[in-house]
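Here's the structure we're looking at; comments come further down.
The values are calculated or read from the model by the stated rules, or taken from the named source; none is laboratory data. This is a predicted model, so every value here is computed, not measured. Here the Cβ is made from the backbone with ideal geometry for all residues, glycine too, and neighbour counts use every protein chain on show.
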Amino acid sequence: MPPTRCEVWAPAKLNLGLSVLRRREDGYHDLETIFVAVDLYDRLIFSRSAGGLRLGLRSGPDSPHNASDFPLGEENLIMRAARLVERETGIPLDLSIEVDKRIPSAAGLGGGSSDAAATLWAVNTLWDLRTPPEILHSWASRLGSDVPFFLNGYAAHGEGRGEVLVPLALYRDWWAVLIHPGHRVSTGEIYSGLSLTGVKSANRILPSGNEEGFFSALRRFHNDLEDVVVRRIPTLIHLRDALLGAGAEHAAVSGSGPTVFGIFRSRPDDRTLTMLGTAATGARLHLVQPVMTDTALKTVL
Ligand code: C5P
């Protein structure tokens, strides 16, 4: 018998480097990126119960969201993931989903995509659907370019729209400070502001499992979307410089931003964190590490 309830922790992701290679005929861009899942998690509780599909928000003290800025209707990627499974399988889902949202939305951290992947995984488990991985992957990529990453391992090299993935064994003994300046950014708008002529050469990213290989690759990474994001939110430059000044080996915007992350070899001390916390008014700071599990999603059945 499959379980009737499960809890899934859906992690945030960072793009350690991101090269935009070309604009495609379908309006998307081909890119090359390194995804890594970090241990800032949304927690989703799925329970089979009569009454159709229902989504609710649990707002704890760590939550950056409340019901007024986290839509719970059909537009939410969690709902879209569940509806997609209903359509594809013909099974009406009597399912209640409670989300404890801790990853800021529209922040370049993949929170919505991770929640969608968690939903696909949970519905499969609760209804014992045994959907083949390649079908699950195609459902995920229909929901969003970053969704397939979260169904797999903790790190991957991504190509295509971001959905062509090769798992990576990445050195993981590092810390990252994420600074989210409080603005929301639309991924589509950032891509449309990109001038492809100015794009630097591709991140040829071959991080190795060892410490020195990882840090020397990391220092060469760049994010082609960064200039577009920084034009909209110029304070991001100060945040990046503050992270580098505090000893980060590398600091950059994640994905389409506006979260800026800095990667440190060891845990920054409390004084450094307090100093970084005051680098921008209204900014939120998170201290994270790569997820230590083999899979990006963490499940608590
Ligand atoms: O796939 P997702 O829904 O996350 O993408 C949001 C928007 O970002 C797309 O509509 C597209 O404008 C842009 N995008 C892109 N190339 C990608 C990923 C996203 O142009 N590889």
Going by what's in this entry, would residue 280 be described as of a type in the set (Gly, Ala, Ser), at pLDDT below 90 and crowded, with 17+ Cβ neighbours inside 10 Å?
yes
How many residues does the range 1-49 hold that are without any contact (Cβ under 8 Å) to a residue 24 or more places away in the chain and more than 10 Å from the ligand (Cβ to nearest atom)?
2
Is it true that residue 119 is under 22 Å from residue 42 (Cα atoms) and either within 12 Å of the ligand (Cβ to nearest atom) or surrounded by 16 or more Cβ atoms within 10 Å (Cβ to Cβ) (or both)?
yes
